[in-house]
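The values are calculated or read from the model by the stated rules, or taken from the named source; none is laboratory data. Since this is a predicted model, take the numbers as computed values, not measurements. So basically every Cβ, Gly included, is an ideal-geometry build from the backbone, and we count neighbours across all protein chains shown.
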Amino acid sequence: MKKIVCFILLALTLSHAQEFNAPMKTYMESLRAEAKAKDPSFSGFDAARGEALFNGVHVGKKGKEISCTTCHATNLKKGGQNVNTNKPITALAPSVNPTRLTDVAEVEKWLRRNFNDVFAREGVALEKGDVLTYIMNQ
Amino acid sequence: MKKIVLMIALGLSFAFAGNVAPANNALYQKECASCHFGYQPALLNRASWEKVMGGLSDHFGTDASLGKVESEQILDYLVRNARSGKMSANNSTMQITKSPYFTKEHRKIPAKLVEQKEVGSLSNCLACHTTADKGNYSKHAIVIPNYGRWE
């Protein structure tokens, strides 16, 4: 009985979890290797840490307080709005916007730009992996 | 008589008649218009576009950096279609809104219509110029949010 419940739970979890495509999996592997090289005690990316990074307020490139949520909003299943231009931004959550996190070059470009905008520096492998894990689960 | 007609035609062609070639480059649309309105290349002159593309890592305070290949392709598209007409005359800054002609054309618009959330700033062309994305800035196509037509 216990086994069946476990199995059902597992099946449900899997059916809800989004999965990275092959190129993105390779990219995540490279981030993992980088994180491990930097800190041998690294044991895997963590969505909760990613969420904290995503929702945290920092002094950004413009010298003003800003968060990822300033433009992307806190509910990633809904769209956001570019704070500088008012242009709408489509939802980040792959569960409602399957084009998200599918193109490694796009992902790298936006991580570079947005870490600079929000943290006034580039992200390290651990941070990028955590944030991507958080977004992927949305 | 012929001379006069020719001169008028010449005069008109130098004027900004409200139409520019649409920004129909797919890479430009993808990389630039994902954050803001896809300003048509003819709205700035070559020197301005070179400044813009030379400083993307600090693009009006944000990081808009591109890969080398994309950056070169977009610069090429922009300078090939840049114009030195009425709209971009005496403006070699990176901002279309700094053009003397642009300033003159927008001088009568009350600040509150610009500052309202539906518009935000004068750089949000499409908020009022309803056909701006087609390169058409005709007076007849202006509808200012919470105000109406501007003719």
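Below, the figures for the structure above:
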item: Single unsatisfied condition, B:Ile74 versus (1) at pLDDT 95 or above; (2) more than 14 Å from chain A (Cβ to nearest Cβ); (3) under 18 Å from the mean Cα position of the chain (by Cα); result: (2)
item: Subset of the stretch B:106-151 (residues that are in contact (Cβ under 8 Å) with a residue 60 or more places away in the chain, within 14 Å of chain A (Cβ to nearest Cβ) and either over 13 Å from A:Asn86 (Cα atoms) or touching a Ser or Thr at 6+ places or on another chain (Cβ under 8 Å) (or both)); result: B:Ser123, B:Asn124, B:Ala132, B:Asp133
item: Residue check for B:Val69: modelled with pLDDT of 95 or more, surrounded by fewer than 20 Cβ atoms within 10 Å (Cβ to Cβ), over 12 Å from A:Arg113 (Cα atoms) and β-branched (Val, Ile, Thr); result: yes
item: Test result for B:Ser48, more than 14 Å from chain A (Cβ to nearest Cβ), farther than 29 Å from A:Thr90 by Cα, in contact with a helix residue (DSSP H, G or I) (Cβ under 9 Å, 6 or more places away or on another chain) and modelled with pLDDT of 95 or more; result: yes
item: Qualifying position, being farther than 19 Å from A:Met136 by Cβ, modelled with pLDDT of 95 or more and more than 9 Å from chain B (Cβ to nearest Cβ), among A:Thr102, A:Thr90, A:Thr70, A:Thr74; result: A:Thr70
item: Which numbered condition B:Thr93 misses (of (1) part of a loop (DSSP other than H, G, I, E, B); (2) within 14 Å of chain A (Cβ to nearest Cβ); (3) surrounded by 12 or more Cβ atoms within 10 Å (Cβ to Cβ)); result: (2)
item: Exclusive hit being surrounded by 14 or more Cβ atoms within 10 Å (Cβ to Cβ) and either at pLDDT 95 or above or within 21 Å of A:Val118 (Cβ to Cβ) (or both), set A:Gly79, A:Gly63; result: A:Gly79
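Every residue, every condition in (1) in a loop (DSSP other than H, G, I, E, B); (2) of a type in the set (Gly, Ala, Ser), yes or no:
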position: B:Lys30; (1), (2): no, no
position: B:Ala42; (1), (2): no, yes
position: B:Glu50; (1), (2): no, no
position: B:Ala64; (1), (2): yes, yes
position: B:Val69; (1), (2): no, no
position: B:Leu78; (1), (2): no, no
position: B:Ser88; (1), (2): yes, yes
